[in-house]
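Contents: one structure, followed by commentary.
The values are calculated or read from the model by the stated rules, or taken from the named source; none is laboratory data. On a predicted model such as this, the values are computed, not experimentally measured, just so you know. Here the Cβ positions follow ideal geometry from the backbone for every residue, glycine too, while neighbour counts run over all protein chains shown. Just so you know, the surface numbers come from the protein's heavy atoms only, side chains and all, with ligands and any DNA or RNA stripped out. Shrake-Rupley method; radii C 1.70, N 1.55, O 1.52, S 1.80 Å.
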Amino acid sequence: MPEGDTVWLAAQRMNTALAGGTLRRTDFRIPQLATLDLTGATVEEVIPRGKHLLIRLADGRTLRTHFRMDGSWHIYRPGSRWSGGPAYDVRLVLATDEWECVGYRLHDIDLVKTADEDQLVGHLGPDVLGPDWDLDEALRRMREHPDEQIGVALVDQRNLAGIGNLYKVEALFLRGIHPWTRVADVPELGALVERTRTLMRANLHRPQQNTTGDPRRGRDHWVFGRRGKPCFRCRTAILLGEQGPPTQERVTWWCPQCQAARSPIDPQARTGEPGRPQPVTLY
Ligand SMILES: [Zn+2]
């Protein structure tokens with residue numbers, strides 16, 4: 001699943017390949033844009049905004065794509081074999097004389113006036129990896145919903161854009177915060193957000209996301225993907241649960257020892273209130 005840093009890296013690569021170039025061929029393989037042809041347009045720049053990729057054209061239009069859970073852009077030299085998946089997964093091809101950019105499983109493909117970009121991405125909170133990152137604004141947005149669970153608030157792109165599941169669970173572990181803690185009960189909320197951002201920035205140019213600094217296989221994450229395995233700090237088995245509103249649940253890993261519950265609404269609290277609905281499914 002693309003994290004903000006993956007999107008940032010994709011944007012960097014796309015920008016390197018396309019910025020200043022003229023599109024020689026475009027192929028929109030989605031019904032609503034099947035007749036759109038951007039041949040002849042010059043690409044001004046490619047920038048990330050949360051999990052959106054904005055391809056700005058010199059003629060004042062912006063092509064927006066969204067990665068959601070499974071999208072990706074692959075960049076090839078003309079004539080190379082495409083290897084990003086089956087042909088029916090290709091949604092969009094943008095080719096210059098030098099490069100072929102092939103978008104697989106992309107979502108929300110749209111062409112708008114650049115001046116209207118905010119209509120597509122204006123609801124997003126400050127971009128964690130953007131040049132205009134604004135910690136105070138992100139914290140203000142998060143604190144507007146003090147009863148929200150921190151594990152949900154961190155990945156809510158309306159609060160701050162770019163954080164995905166991996167950095168969420170890893171930063172919560174590093175700060176010793178249980179994922180079901182209320183936002184209002186998180187000690188040093190700003191430090192948590194900055195920790196998440198630091199982790200993402202440290203990984204910007206790494207091919208593999210690593211949050212432990214340990215390059216050995218199986219040691220690259222503290223809790224992510226480690227259900228049932230012993231915590232590297234305390235040897236307690238890592239737990240896995242689902243968190244988030246119905247139909248939007250995301251899996252969450254945590255160490256019940258290093259991330260002890262602090263909040264009474266916490267369904268995993270050792271002194272949990274009987275009778276409360278159990279939003280956690282352990283499996
Ligand atoms: Zn632990």
If you go through segment 209-224 one residue at a time, do you hit one that is surrounded by 18 or more Cβ atoms within 10 Å (Cβ to Cβ), among the aliphatic types (A, V, I, L, M) and not in a loop (DSSP other than H, G, I, E, B)? no
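Listed residues Asp97, Asp132, Asp59, Asp89; which is among the acidic types (Asp, Glu) and within 30 Å of Thr198 (Cβ to Cβ)?
Working: Asp97 fails: within 30 Å of Thr198 (Cβ to Cβ); Asp59 fails: within 30 Å of Thr198 (Cβ to Cβ); Asp89 fails: within 30 Å of Thr198 (Cβ to Cβ).
Of Asp97, Asp132, Asp59, Asp89, the one residue that is among the acidic types (Asp, Glu) and within 30 Å of Thr198 (Cβ to Cβ) is Asp132.
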Is at least one residue of segment 61-74 more than 30 Å from Asp132 (Cα to Cα), open to solvent by 10 Å² or more (accessible area, probe 1.4 Å) and outside any loop (DSSP other than H, G, I, E, B)? no
Out of segment 5-30, which residues are touching a strand residue (DSSP E or B) at 6+ places or on another chain (Cβ under 7 Å), under 23 Å from Gly164 (Cβ atoms) and not small (Gly, Ala, Ser)? Val7, Trp8, Arg13, Met14, Asn15
I'd like the full set of residues that are open to solvent by less than 10 Å² (accessible area, probe 1.4 Å) and without any contact (Cβ under 8 Å) to a residue 60 or more places away in the chain, limited to segment 157-177. Leu160, Glu170, Ala171
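Would you confirm whether or not segment 260-281 contains a residue that is modelled with pLDDT under 95, within 16 Å of the ligand (Cβ to nearest atom) and open to solvent by 60 Å² or more (accessible area, probe 1.4 Å)?
Yes; the residues of segment 260-281 include at least one that is modelled with pLDDT under 95, within 16 Å of the ligand (Cβ to nearest atom) and open to solvent by 60 Å² or more (accessible area, probe 1.4 Å).
Before we move on, is Pro131 open to solvent by less than 70 Å² (accessible area, probe 1.4 Å) and at negative phi?
Working: open to solvent by less than 70 Å² (accessible area, probe 1.4 Å): no; at negative phi: yes.
No; evaluated as a whole, the condition is false for this residue.
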Per the list (1) open to solvent by 10 Å² or more (accessible area, probe 1.4 Å); (2) more than 25 Å from Leu120 (Cα to Cα), residue check on Val183 breaks on (1)
With the requirement that a residue be away from the ligand (no atom under 16 Å from the Cβ), charged (D, E, K, R) and touching a residue at least 12 places away in the same chain (Cβ under 8 Å), what does segment 207-238 give you? Asp220
Hey, does segment 88-103 have a residue that's open to solvent by 40 Å² or more (accessible area, probe 1.4 Å), assigned to a loop (DSSP other than H, G, I, E, B) and either closer than 17 Å to Ala11 by Cβ or among the aliphatic types (A, V, I, L, M) (or both)? yes
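Scan Gly71, Gly84 and give me the residue that is without any contact (Cβ under 8 Å) to a residue 60 or more places away in the chain and among the small types (Gly, Ala, Ser).
Working: Gly71 fails: without any contact (Cβ under 8 Å) to a residue 60 or more places away in the chain.
Unique residue meeting the criteria: Gly84.
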Checked Leu204, Leu192, Leu172 against criteria (touching a Leu at 6+ places or on another chain (Cβ under 8 Å) and within 16 Å of the ligand (Cβ to nearest atom)); the one match is Leu172
Of Asp118, Asp147, the only residue that is more than 14 Å from the chain's Cα centre (by Cα) and in a helix (DSSP H, G or I) is Asp118
Against the conditions (1) within 13 Å of the ligand (Cβ to nearest atom); (2) open to solvent by less than 20 Å² (accessible area, probe 1.4 Å), where does Gly241 fall short? Just the number, please. (1)
Residues of segment 39-53 that turn out to be part of a loop (DSSP other than H, G, I, E, B) and within 28 Å of the chain's Cα centre (by Cα), as a count: 2
